[in-house]
Every structure is written in C-alpha cells, then in structure tokens.
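Quick notes on the structure that follows.
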Amino acid sequence: MYKIDNKKFGDFVAQLRKEKNFTQKELAERLFISDKTVSKWERGLSIPDVSLLIPIADVLGVTVTELLYGERLGSESRLGIEEIEDLVTCSMDLSRQERSVQRKRRKKWILVYIAAVFAVVLETALLMLNGFTELEDLYLVEGLMLTFGGWFCLFAKEILPKYYDENKVDYITDGFFRMHMPGIHFNNRNWPHILKAVRIWTLSAAVLWPLLSGGMRFLLGKEVWQVAQWIAAMAVSFSIFIPVCVMGKKYE
C-alpha cells in the first residue's frame, strides 16, 4: 500500500511554492492557515488535513494525485485501480491522522485543566487554614478564569467553520459561549494561537492568583488589601482579553 513520505511531500510543496514566488506566509494566507503550519509541512513534521488537499493543489498548480505522490506526473502516466485505491485510502488516513493529533492535544489540555483546578482547591484550602476567611476576590477571579479556561480547554473547537475564513467576523459563538471582540477578525490563521494563549493565560492566572492574593494580604495587611482587592481582582479578570487581542491581531 502506498504511504505518504512526509519529507518528500514537504520538499515538493516547498518547490512548488518557490516556483510560484510565494513566501510561506503568502501561501498560508491563500489557504487560510498559519505560516507555521506551512513550515511544518515543508520540514516534514506534519501533513495537511484531507480537506486541504484540493485547495493546496489548486493554489500550487498541480493535481491532488501529484501532491500525494510528491512529484509531477507526466501526461503519459496512467494510474492503475490499485494505485488509485491506495491514494484514496492514503488521503483518508491523512484525515484520521489529523483528528488523532487534535484528540491528543485536547486530552493534554484536559489534564492540564484538571491539574489547575486541583492546585486552586489546594491553595484555597491552605489560605483558609491560615486564617484567610474573606476570599470574595479569590472566588471572583477563580470563577471567571476557570470558567473561561474550562471552555477553551474542554469545549472550544480546534478549527473554525469556513465562514470565518471567508468573512470578517469579530465574534465567536458556540453553544452557550459568546465572545464579541470589535476590531478582531477571527479565522483559522489566528484561532490556534488565540486558543493556546487563552488556555495558558487563564490557567496561569487561576493558579497564581491565590498565591498573589494571600501574599498581598500578608504584606499590606487585611484593611489595606480589602480596599485594593476588588480593583486588583477586576484587573486580573479583564486581563483575559489581552491574549485574545494580541494573538488575534498578530496572526490575523
């Protein structure tokens, strides 16, 4: 059975891209993906999802068959039935492989989220054991960060619908979740970066806030911290939009 050679595929894509005088970024923009994804293809580190095969072939001016073989096939080349079946099976394997990678990535973030929740519970218990009983600011920050972090780690789609790539959409809607960000156009170029950044930001804030809150209470004293805690808590809560804005604009 024919098996795609990642290195051969990547070299062929790089060759065709250079023949078209495209940079990796220009090719990525035409395919509505990130230039890092194109770089991974060309280095043989990954291969595209089956849904991208036709767009890639069209942009680079070859057939899907040539793309899968990793070389140009002359007009005299004729494929047998077995070879065609192998190519079809291979393209299906591409899709399965990509889905497998996405499942593994989601499992990793699920475990990270569970670890973060466990850490927050442990930190909160330690604070209470040490006499910190008024923890309203803590509950506010942890509630927001773990809610947002939970959605991004457990439920957020890894790939946005094609509609987002074809239109300038400044909101995300998925089930109960709504996020409207005027000036930020969500698409499959910036979405993977937004996902990763928000996951790291929210879980880091959730884990670090109990330590920061407890430390500030100890250093400033209970009375002073009671005045400052809500300002600090609101600042941390609204900081969730920082990674969305930064990554959204950077990779838009």
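Being open to solvent by 80 Å² or more (accessible area, probe 1.4 Å) and within 24 Å of residue 191 (Cα to Cα) is the filter here; which residues of the range 2-36 pass it? Scanning the range 2-36 gives 25, 29, 30, 36.
Out of the residues in the range 188-225 that are at pLDDT below 85 and not in a helix (DSSP H, G or I), which is nearest to residue 133 (Cα to Cα)? Taking the candidates together, the pick is 221. In the range 121-144, the qualifying residues are those that are under 28 Å from the mean Cα position of the chain (by Cα) and more than 17 Å from residue 216 (Cα to Cα), and the one that is most open to solvent (accessible area, probe 1.4 Å) is 121. For the range 164-172, the criterion of being open to solvent by less than 20 Å² (accessible area, probe 1.4 Å), closer than 17 Å to residue 246 by Cα and without any contact (Cβ under 8 Å) to a residue 24 or more places away in the chain is satisfied by at least one residue. Residues in the range 40-56 that are surrounded by fewer than 15 Cβ atoms within 10 Å (Cβ to Cβ) and more than 16 Å from residue 14 (Cα to Cα) were compared, and the one that is nearest to the chain's Cα centre (by Cα) is 51.
Here 30, 17 are screened, and the one residue that is part of a helix (DSSP H, G or I) and under 25 Å from residue 167 (Cα atoms) is 30. On the given criteria, is residue 176 hydrophobic (A, V, I, L, M, F, W, C), open to solvent by 70 Å² or more (accessible area, probe 1.4 Å) and at pLDDT below 80? When the stated conditions are applied, residue 176 passes them.
The values are calculated or read from the model by the stated rules, or taken from the named source; none is laboratory data. As the structure is a computational prediction, the values presented were derived from the model and not from experiment. Heads up, the Cβs are rebuilt from the backbone with ideal geometry, glycines too, and the neighbour counts pull from every protein chain shown. We work out accessible area using only protein heavy atoms, side chains counted, and drop any ligands, DNA or RNA first. Shrake-Rupley method; radii C 1.70, N 1.55, O 1.52, S 1.80 Å.
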